[in-house]
1. Would you confirm whether any residue within segment 78-94 is surrounded by 21 or more Cβ atoms within 10 Å (Cβ to Cβ) and of a type outside the set (A, V, I, L, M, F, W, C)?
2. Just wondering, is there one or more residues in segment 140-150 that are crowded, with 22+ Cβ neighbours inside 10 Å and either closer than 17 Å to Val110 by Cβ or small (Gly, Ala, Ser) (or both)?
3. Just give me the residues in segment 130-178 being touching a Cys at 6+ places or on another chain (Cβ under 7 Å) and aliphatic (A, V, I, L, M), in sequence order.
4. Sort through Lys107, Lys67 and tell me the only one that's at pLDDT below 90 and surrounded by 12 or more Cβ atoms within 10 Å (Cβ to Cβ).
5. Could you go through segment 114-123 and let me know if any residue there is at pLDDT below 90 and surrounded by 18 or more Cβ atoms within 10 Å (Cβ to Cβ).
6. Among all residue pairs at least 6 apart or on different chains, which show Cβ distances below 8 Å where the first residue, located in segment 70-91, is free of Cβ contacts under 8 Å to residues at least 60 places away in the same chain and under 12 Å from Met173 (Cα atoms) and the second is aromatic (Phe, Trp, Tyr) and assigned to a loop (DSSP other than H, G, I, E, B)?
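The values are calculated or read from the model by the stated rules, or taken from the named source; none is laboratory data. What you see is a predicted model; the values in this text were computed from it and never measured. In this analysis, Cβ positions are derived from the backbone assuming ideal geometry, glycine residues included, and neighbour counts consider all displayed protein chains.
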Amino acid sequence: MERTLKIIVGVLAVGAVVLGYLIYVRDYKPLAGTTSQNPSTNAPQTPSTGVNLPAGSSYELSAEEKKALTPPSQNATAAEQKAFFDVVVSAAKTVPALEIGTSCSVKPVVLALKKGAPLKIKNTATVEQTIAFNKDSVYSVPAGETKEFKVAFAQNGGIYGYGCGSSVSASGMIFVTE
């Protein structure tokens with residue numbers, strides 16, 4: 001009886017660890033200023049970079065945009081991190097509003113945003129579009145409208161990746177500058 005009880009307790013402990021891991025993966029939230037993304041298994045990938053594109057998207061990214069959407073791993077060397085930063089800086093565009101179109105196509109792919117400035121999003125699609133930086137920073141814009149959002153991360157410089165629609169993969173980046 002005592003052996004059976006130990007086996008049951010052991011199985012429950014292993015189950016609790018597995019369940020905890022699954023909850024962690026589901027609720028993964030990158031730290032502010034990072035660009036780590038929880039990959040989506042449903043989004044198509046470009047063969048050369050592994051960048052996840054929104055399902056049904058037909059737009060072509062430039063080589064520079066693909067590189068900007070592919071952040072280095074967390075254990076990347078300083079040289080790899082600098083190379084990624086340089087690509088993002090080079091690709092960043094300052095425009096009046098981030099445009100989101102059909103199939104979550106975004107223009108520009110890398111938006112330069114001044115520190116403290118609001119994020120303006122223009123939806124050119126015929127359906128509501130939603131972008132998310134993590135589970136707590138989700139912004140929706142009705143079809144054909146433009147909305148302005150005060151975003152907490154804009155108070156700090158850095159590179160922030162976001163997903164569009166139900167995808168949690170990087171659809172674009174926001175480079176917050178001084």
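1. No, there is no match, as no residue in segment 78-94 is surrounded by 21 or more Cβ atoms within 10 Å (Cβ to Cβ) and of a type outside the set (A, V, I, L, M, F, W, C).
2. no
3. If the condition is that a residue be touching a Cys at 6+ places or on another chain (Cβ under 7 Å) and aliphatic (A, V, I, L, M), then Ile131 is the only one that fits.
4. Lys67
5. Within segment 114-123, not a single residue is at pLDDT below 90 and surrounded by 18 or more Cβ atoms within 10 Å (Cβ to Cβ).
6. As it stands, the answer is none, since no pair meets every condition given.
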